[in-house]
C-alpha cells in the first residue's frame, strides 16, 4: 500500500532538493556567501561509525542542555530528551556525514570552507520517495507554525543520535559538571569531531555530531512509509516545509 503522510509535515521543494543532493558527491549545494562565483560542492560522504539501537526508539537532540546544568548538579529532574515519535526496527545502523567545501579568503588568509552539510542515520537501501519533518513525541502537529519546522536546540553546537531506552546511561558523560562547566568526559573520539558512548548492559549507543545551534530532523520514507534514513540539517537553505 502506498504511503500517504500528513501534508503539513512534507518537505518543500527546496528542502527536498537539499536532502537529496547533500549526500551526492560532486553536487553543488549553493555558492559561498558574498562570492556567488565560488560554488559550495559536496566533497564526500564519510561513514563515521555504526550505532546500536536495540529499543527501536531514537533520541535526536543535544546530549546536554545548558539550562539544565544547575538542576542536574542538584539532583533535580531535567527536561526529557527529544525522542522521535516514529520508531525504527531495532538494529545496527551507519552514521554518515556529508562534507562540503567552499573556499574563501578572510582577512587575507585562505580558508578551505569545509563544513558538515548534513548528518544521517542510514537505515536501509530502499529508495526514499518522500521527505517529511520528524516530530518528537511531545510535538503537536496542530501547533506547527508556517516557516518554523520543529527542531532541537544545541547551546554547544552538538547534537546526537541515541537509543532512547538507554538515554540516562548514554548521556551521563555529558552531564557531569564542575562549577557549571562540563568536565572532561571519557568517550570514544570519532572522525568529524564526533564522539560515541556505549552501554554494554543494554547493547546501545549514543553518537554525537556537529549541529550549529541545533537542527531539524527529516525522515526519508519509502513508498510504503517505512523510514529509510533520518537526516539532521542545521541552517540549510529551504529548511521550511
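Entry note, the chain: the mean residue ellipticity at 222 nm calculated from DSSP H runs of n ≥ 4, each adding -39500 (n - 2.57), is -2000 deg cm²/dmol after division by the residues and rounding to the nearest 500. Ranking of 143, 198, 8 by neighbouring Cβ atoms within 10 Å, starting from the fewest: 143, 8, 198.
log₁₀ I(q)/I(0) of region 7-130 at q = 0.16 Å⁻¹, via Debye over equal Cα point scatterers, no solvent, to two decimals? Per q value, in the given order, log10 I(q)/I(0) is -1.01. Between residue 147 and residue 188, the C-beta separation translates, for a Förster distance of 45 Å, into a calculated FRET efficiency of about 0.70.
The rule of thumb for compact globular proteins, 2.2 N^0.38 Å, goes into the C-alpha radius of gyration of region 101-175 1.58 times.
Size descriptors for the chain, from the alpha-carbon set: Rg then Dmax equal 18.1, 58 Å.
For region 7-233, averaging the sequence separation of C-alpha pairs within contact (under 8 Å, six or more residues apart) and dividing by the residue count gives a relative contact order of 24 percent. Computed packing ranks the peptides 106-114, 50-58, 33-41 as 50-58, 33-41, 106-114, most packed first, by mean other Cβ atoms within 10 Å.
With a simple spin-label model that places each label point 7 Å from the Cα along the Cα-to-Cβ direction, the separation between residue 138 and residue 24 comes to 3.8 nm. Counting neighbouring beta carbons within 10 Å and listing from fewest to most, the residues 194, 213, 160 come out as 213, 194, 160. Separation of region 102-180 and region 185-222, taken as the distance between their Cα centroids, equals 9 angstrom. Footprinting exposure proxy ranking of 205, 155, 125, fewest other C-beta atoms within 10 angstrom first, gives 125, 155, 205.
Since every read-out is calculated from the coordinates, none of them should be taken as a lab result. Predicted, not measured: the structure shown is a model, and the values here were computed from it. A quick note on method: Cβ atoms are made from the backbone with ideal geometry, for glycine too, and the neighbour counts reach across all protein chains shown.
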